[in-house]
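The values are calculated or read from the model by the stated rules, or taken from the named source; none is laboratory data. Everything quoted here is computed from the prediction, not taken from an experiment. Cβ placement follows ideal geometry from the backbone for every residue including glycine, while neighbour counts extend to all protein chains displayed. Side chains are part of the model used for accessible areas, which takes the heavy atoms of the whole protein and leaves out ligands, DNA and RNA. Shrake-Rupley method; radii C 1.70, N 1.55, O 1.52, S 1.80 Å.
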Amino acid sequence: MLQVDQLSKTFKVHSLGGKEILGVPPCSFSVEEGKSLALSAPSGRGKSSILKCIYRSYLPSSGRILLQSRSLGPVDLAQLDEHDVLTLREEEMGYVTQFLRVIPRLSAIEVVADPLCRRGVKRAEAEAEAERLLRCLKIPEPLLEASPITFSGGEQQRVNIARALIARPRLLLLDEPTASLDRESVERVMDMLNDLKASGSTMLMIFHDKELMYRMADEVMEL
Amino acid sequence: MSGKTPVLQARNLMRRYGEGCPTCLAKTGAAYGRNMCPDCGAVLACRDVSFDLYNREVLGIVGESGSGKSTVLKMLHFDMEADEGEMMLHVEGQEPENVFAWSSFQKRMLRNAQMGIVYQHPHLGLRMKISAGGNIAERLLMAGWRNVGQIRERAAELLERTEVPVERMDEPPASFSGGMQQRVQIAKALSNEPALLLLDEVTTGLDVSVQARVLDLIRRLQENLHVATLVVSHDLGVIRMLSTRCLVMKNGEVVESGLTDQILEDPQHPYTQLLVSSALR
Ligand SMILES: Nc1ncnc2c1ncn2[C@@H]1O[C@H](COP(=O)(O)OP(=O)(O)OP(=O)(O)O)[C@@H](O)[C@H]1O
Ligand SMILES: [Mg+2]
Ligand SMILES: [Zn+2]
């Protein structure tokens, strides 16, 4: 379903006289539909950058990122038109990072429900599902209606996960999804990921914790 | 599903102040760090600006003061004529048309029926001495509304949606705070249910907390209205919060465009890199 072919990324830093920094040395791998692949490498090897290239928060410098999209057919994410990228983000791709970009004044429930609303699900229905996920992730009751702006790192991360999973994306990119979570929350997240996987989602992931990595991944790719 | 056709296609918009000479275009622009021609003194406020705006989309235009952002907006709103370029408007079931070629009467009709604009300075968009409700009524009359009762009802509903206390609808905006004045402008801009909403520095000059409320209001409205919006701001924070794609302008030129998160995380042009590193750290 996803085939990455000689993908590389260099950053040209103009404030350093146009110095080129190699973020991702050329790499190739593929993931079959419904499978999960973990990327493993020492820090600084560009694991996160690979995910960002796929999500297109970074512009790939070379190579191809071939995706079998349900609505667009076979596409190369490295070259894909911006509007098509947005469509894929809305309909097929989810991405979890450690960092949450929150919208001021929206409650946790609204933040999580948003991707479903964008897909045309009724607000009340979307919010009910959001609440279910947040409860499942042990977000304390009084926080459900509060803005995640003031949440702790771990709480924000759980909001992030709920937001990425709520639309049940076909392709899920996970960048250290459990990094700042306690044991119990980690287990909840793992349950949710397993549930999603059981329903056929494909995953590309980075886990700091090797034990979790081997529990979740069908395959591990050493970079 | 999310509206796959552009509502508007701007093509090679150009606006020059002054006579101009044959070398103007070759000697101005971001590469030279100026928009004034050294040979003849003409100012190229903007040049070669092209973009597509899709249904439901919020497109940002960011750039420093004088980069030509407002010029682009003013041309699209027919406040100012373009020297060159096309504004192709796509209306469902009709052939796309270059509305720049229309008569001024047709343009006025289009503006009244399909466009809303919010200016940086409330006094450009509002008549300060007539009531807030009256400002909106005026707009509705221009868009063809006739029934006074319905107009009043609609004005009240709009003010409520933009969080202006309805009991103050008979007061003139002159007696309102800056944030409230902007909200009245937004209410007015939305009154005719425009297909195209133009926002020029809506939050510039407001206190940070007031700014956040206005931005938040725009986001919420956006969610429910599905209007195509062009947001102009020198503030990357505003662009980040409101837009999904954006253009970066400098010295009258678009130096870079892309998905907003990509522009912020992986800016390509030297100017964008500078802008991002100075704004977000
Ligand atoms: N009437 C005019 N005569 C001459 N030059 C003009 C005129 N109006 C605008 N300009 C010039 O055109 C350029 C672009 O102006 P514009 O107002 O579009 O900039 P802007 O990007 O909106 O800036 P700001 O962020 O300060 O609002 C500037 O150099 C400006 O000085
Ligand atoms: Mg301006
Ligand atoms: Zn000249």
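Looking only at strands (runs of 3 or more DSSP E) that fall completely inside the stretch A:124-223, which ones have 2 or more residues that are in contact (Cβ under 8 Å) with a residue 60 or more places away in the chain, open to solvent by less than 20 Å² (accessible area, probe 1.4 Å) and touching a Leu at 6+ places or on another chain (Cβ under 9 Å)? If you could, list the steps in order and put the result at the bottom.
Details: elements: A:171-175, A:202-206, A:219-222.
Fully inside the stretch A:124-223 and qualifying: A:171-175, A:202-206.
Checking B:ASP79 against (1) under 24 Å from B:ASP200 (Cβ atoms); (2) touching a residue at least 60 places away in the same chain (Cβ under 8 Å): exactly one of these is not met. Which one?
With (1) under 24 Å from B:ASP200 (Cβ atoms); (2) touching a residue at least 60 places away in the same chain (Cβ under 8 Å) applied to B:ASP79, the lone miss is (2).
Let me spell it out: the conditions are (1) away from ligand 3 (no atom under 16 Å from the Cβ); (2) more than 10 Å from chain A (Cβ to nearest Cβ); (3) over 23 Å from B:LEU158 (Cα atoms), and B:GLY252 meets all of them except one. Which number is the exception?
Here B:GLY252 meets the rest and fails (1).
Just to verify a result, which residue in the stretch B:57-70, among those that are open to solvent by less than 30 Å² (accessible area, probe 1.4 Å) and more than 14 Å from every other protein chain (Cβ to nearest Cβ), is farthest from ligand 3 (Cβ to nearest atom)?
In the first step, residues of the stretch B:57-70 are kept if they are open to solvent by less than 30 Å² (accessible area, probe 1.4 Å); the result is B:57-63, B:67-69.
Now narrow it down to the ones that are more than 14 Å from every other protein chain (Cβ to nearest Cβ): B:61-63, B:67-69.
Values: B:ILE61: 25, B:VAL62: 27, B:GLY63: 22, B:SER67: 19, B:GLY68: 17, B:LYS69: 22 Å.
My answer is B:VAL62.
Residues in the stretch B:227-243: is at least one closer than 23 Å to B:PHE78 by Cα, aliphatic (A, V, I, L, M) and in contact with a His (Cβ under 9 Å, 6 or more places away or on another chain)?
Among the residues of the stretch B:227-243, not one is closer than 23 Å to B:PHE78 by Cα, aliphatic (A, V, I, L, M) and in contact with a His (Cβ under 9 Å, 6 or more places away or on another chain), which makes the answer no.
Under the condition of being open to solvent by less than 70 Å² (accessible area, probe 1.4 Å) and polar (S, T, N, Q), which residue from the stretch B:1-34 is nearest to ligand 1 (Cβ to nearest atom)?
Applying the filter and picking the extreme gives B:THR28.
Residues checked against (1) within 12 Å of another protein chain (Cβ to nearest Cβ); (2) under 26 Å from B:ARG213 (Cα atoms):
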site	(1), (2)
A:SER71	yes, no
A:VAL85	yes, no
A:GLU91	yes, no
A:THR97	yes, no
A:GLU110	yes, yes
A:CYS117	yes, yes
A:ALA124	no, yes
A:GLU129	no, no
A:ARG132	no, no
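Out of everything in the stretch B:71-87 that is among the acidic types (Asp, Glu) and within 13 Å of ligand 1 (Cβ to nearest atom), what residue ends up being most open to solvent (accessible area, probe 1.4 Å)? Please lay out each step first, then the result.
Within the stretch B:71-87, the subset among the acidic types (Asp, Glu) is B:79, B:81, B:83-84, B:86.
From what is left, the residues that are within 13 Å of ligand 1 (Cβ to nearest atom) are B:79, B:81, B:83.
Numbers: B:ASP79: 70, B:GLU81: 128, B:ASP83: 81 Å².
Filtering the stretch B:71-87 for residues that are among the acidic types (Asp, Glu) and within 13 Å of ligand 1 (Cβ to nearest atom), the one most open to solvent (accessible area, probe 1.4 Å) comes out as B:GLU81.
For the stretch A:56-68, state whether one or more residues are open to solvent by 20 Å² or more (accessible area, probe 1.4 Å) and at pLDDT below 95.
No - not one qualifying residue is present in the stretch A:56-68.
Step by step: first the residues of the stretch B:35-56, then only those that are part of a loop (DSSP other than H, G, I, E, B) and open to solvent by less than 10 Å² (accessible area, probe 1.4 Å), then the one that is farthest from ligand 1 (Cβ to nearest atom). Which residue is that? Give the derivation first.
Restricting attention to the stretch B:35-56, the residues satisfying the condition of being part of a loop (DSSP other than H, G, I, E, B) are B:35, B:37-42, B:55-56.
Now narrow it down to the ones that are open to solvent by less than 10 Å² (accessible area, probe 1.4 Å): B:37, B:42.
Numbers: B:CYS37: 12, B:ALA42: 9 Å.
In this case the residue turns out to be B:CYS37.
Looking at the stretch A:28-48 only, could you name the residues that are under 29 Å from A:SER199 (Cα atoms) and not polar (S, T, N, Q)? Steps first, answer last, please.
As a first pass, look at the stretch A:28-48 and keep what is under 29 Å from A:SER199 (Cα atoms): A:28-41, A:47-48.
Residues satisfying the conditions are A:PHE29, A:VAL31, A:GLU32, A:GLU33, A:GLY34, A:LYS35, A:LEU37, A:ALA38, A:LEU39, A:ALA41, A:LYS47.
Looking only at the stretch B:186-214, how many residues end up being more than 19 Å from A:ARG105 (Cα to Cα) and within 16 Å of ligand 1 (Cβ to nearest atom)?
The qualifying residues number 6.
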